[in-house]
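Report on the following structure.
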Amino acid sequence: MKPVTSFLLFSATLSLTFSFHLSIANGSSNLIQQVCAETHNKVNCVASLESNPDSEKANLQQLGIIALNLASSNATSTSSYIKTTLLSNKTLNPVTEQALEDCSDQYMDAIQQLDDSLPALLANATNDVRALGENSNC
């Protein structure tokens, strides 16, 4: 093989390898697939993360931030629904009403834990993030 051809082949291989690593580092869908492969519901994980346009170029920490924000937003919406729709029903029996109030309290706690996890994630304190997740009473 001619030296020029060898150099071009080496350069192309190096470029592809470098591009592959950059795409993982930049959070390509491959990174999303890798992250979501570790979850209980891969399909939902991928769909959720890919619903955010910033996930396309996100690194691992940024994907964590996106996931926390999505979870917090979802929990906030659910909590609001419980309070404004379900608990506003005046025909609830006392047991159901108490169960919904307990559920609402659990969601409020979960939202606080998710919000507390964000600074820990930004500080790369992954043990703190895990501990906050494990302390959930849900």
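Read the figures in this text as sums done on the coordinates, not as results from a lab. On a predicted model such as this, the values are computed, not experimentally measured, just so you know. Cβ: placed from backbone, ideal geometry, glycine included. Neighbour counts: every protein chain shown.
When THR91 is tested against the conditions (1) farther than 21 Å from ASN44 by Cβ; (2) part of a helix (DSSP H, G or I), the lone failure is (2).
If you go through segment 85-115 and keep only what is within 22 Å of ASN69 (Cα to Cα), surrounded by fewer than 15 Cβ atoms within 10 Å (Cβ to Cβ) and hydroxyl-bearing (Ser, Thr, Tyr), you end up with nothing. Restricting the search to segment 29-55, which residues are small (Gly, Ala, Ser) and within 14 Å of ILE65 (Cβ to Cβ)? Hits for segment 29-55 are SER48, SER55.
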